[in-house]
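All remarks here apply to the structure that follows.
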Amino acid sequence: MKKELHSKLTYLLLGVLFLTPQAYSLNLAREALPYVAQTKQNKLIFGTTNGSHTLLFKQADLILTHAFAQLGYQFSLVNLPNKRNLLWANEDKIDGIAFRVDNFENIYANLVRVNETIFSVEQWVYSKKTIDVDGWENLYPYTVAYEQGTLFIEENKDYFQYLMQVSSTEQAFELVYKDRADFTITSKSTGDLILKHHENYKGKIMRQSPALVEIHMFSYLHQKHQAIAIKLAEVLKVMKENGEYNQLIQSIN
């Protein structure tokens, strides 16, 4: 018995000592993915590029939590870098994206749109210099800094002479402040919050009027959740009709 136990222990130790680099790397890769789709446990995880302190994050989290609860799901919203947010949803590492612009599924084939808007958001120009915001064509002479993957800007890139892609809206504001870019474009809630948190921006970077454009935003799910996407659209529509949607939105303002 002792000899048999000793042999088993020796085998286990050798297995640990001679674990292949490939296997070790695979284990590390698995540990590095903190968010995985958990639909089997009635849990759904969505991503967004907006930080948890932003108004849109809080509103989306509240609305989708209430909507999914009516469908029998627990919901969690996490902040991810723009590109990772898109890729992970497309690759089924998370279940969906909280809010993005229309026609997004034409670029990421594994995503399906929830056919009821979650937000309609005005987008504003923020700059140090006064800029006449009267349509896209007026912005051509200037350099715009924007967060990589912002589809409504990339779809209108022909209106810009110079574009600078950065990894976050905060970085775009920093480039404007340092005069390396003329302006950036974002929602009023996001832009004003950045100005509030950076004392050195106040009185220098301004929100130009009027709003440049209003964009309609939708939630997206991985295609394996197509049935859930259809049901979620129905729930969101009912929430708007019975006033629950507006109540939730106003509770965060």
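The values are calculated or read from the model by the stated rules, or taken from the named source; none is laboratory data. Source: prediction; values computed, not measured. Because the Cβ atoms are built from the backbone with ideal geometry, glycine has one as well, and the counts that use them run over all protein chains shown.
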Of the residues in segment 181-197, how many are under 17 Å from the mean Cα position of the chain (by Cα) and assigned to a strand (DSSP E or B)? 3
Among the residues of segment 89-110, count how many are hydrophobic (A, V, I, L, M, F, W, C) and surrounded by fewer than 24 Cβ atoms within 10 Å (Cβ to Cβ). 4
Considering only residues of segment 60-74 that are farther than 11 Å from Ser219 by Cβ and touching a Ser or Thr at 6+ places or on another chain (Cβ under 9 Å), which is surrounded by the fewest Cβ atoms within 10 Å (Cβ to Cβ)? Gln74
Going by what's in this entry, would Tyr201 be described as free of Cβ contacts under 8 Å to residues at least 40 places away in the same chain and hydroxyl-bearing (Ser, Thr, Tyr)? yes
Kindly list the number of the only condition in (1) touching a Leu at 6+ places or on another chain (Cβ under 9 Å); (2) not assigned by TED's automatic domain parsing to the domain that holds Lys58; (3) not in a helix (DSSP H, G or I) that fails for Ser209. (1)
Residues of segment 137-156 that turn out to be over 21 Å from the mean Cα position of the chain (by Cα) and either assigned by TED's automatic domain parsing to the domain that holds Thr49 or not in a strand (DSSP E or B) (or both), as a count: 6
I'd like to check something: does segment 169-180 contain any residue that is outside any helix (DSSP H, G or I) and either touching a strand residue (DSSP E or B) at 6+ places or on another chain (Cβ under 6 Å) or touching a residue at least 60 places away in the same chain (Cβ under 8 Å) (or both)? no
